[in-house]
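> Below you will find the structure I want to go over with you.
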Amino acid sequence: MNTSSESGNATPRRSVFSRMTVVAFLAGAALAGSIAAMAAATGMGGFHHGMMSGPHSAADVQAHVDHVLKHLYVEIDATDAQKAQITPLVQQAVSDLLPMHAQLQAAHTQAIEALTQNTVDRTALEAARVAHLQLADQASKRLTQLLADVDEVLTPAQRSSLAAHLKQMHTKSEMHATS
């Protein structure tokens, strides 16, 4: 009977551990998603498709941001004055968010290493979980700031146009994810 109660205790403990691990990885995915959402929300639709896959020079990133912003500006019929305001906002946000990608990769690597040891390193897993959550929170705050800053520059009609464009991109993104 002790054996069954001991195994009964192990299952909930293992279940909690599994849930914590899933939460840590979901938080990491949320950060990556946040960066991709920022890219989409600011018109950098393809940013996450090639630029987030590995290290890129500042010039590569800058060229890509410039290219995608040009497309955004056409979609929302931005004025030259709006372009002059939005471009530096987006460039600064990208500068702020890109280091988080490297930090996310490091936290992910730490979690994988902890999971593949002969014995589970709960301290390392917890550290990776905390790192994922902190990065997701930082990215979310930065993205919210960017979106509010850009929204202040756009007219209500442009915001509606941007929202429709983002909805279309989101639908395409979902279709690619399921195929």
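No value in this document is a laboratory result; all are computed from the given coordinates. As the structure is a prediction and not an experimental result, all values here were calculated from the model. Cβ atoms come from the backbone with ideal geometry, glycine included; neighbour counts cover every protein chain shown.
> Separation between the Gln145 and Ala59 pseudo-spin-labels, each 7 Å from Cα along Cα→Cβ, expressed in nm?
Between Gln145 and Ala59, the label points sit 2.9 nm apart.
> Follow-up question, since we're still on this one. With r as the distance between the Cβ atoms of Ala163 and Ala102 and R0 = 22 Å, compute the FRET efficiency 1/(1 + (r/R0)^6) and round to 0.05.
Numbers: r = 31 Å, r/R0 = 1.41.
In this case the efficiency is close to 0.10.
> Related question: Arrange Ser95, Ser173 by Cβ neighbour counts within 10 Å, fewest through most, would you?
On the way: Ser95 13, Ser173 17.
Listing Ser95, Ser173 from fewest to most nearby Cβ atoms yields Ser95, Ser173.
> Given the Cα-Cα distance of His170 and Thr123 and 0.36 nm per residue of separation, how much length would full extension add, in nm? Can you show the working numbers first?
Details: separation 47, 0.36 × 47 = 16.92 nm, distance 3.72 nm.
Using 0.36 nm per residue and subtracting the Cα-Cα distance, I get 13.2 nm.
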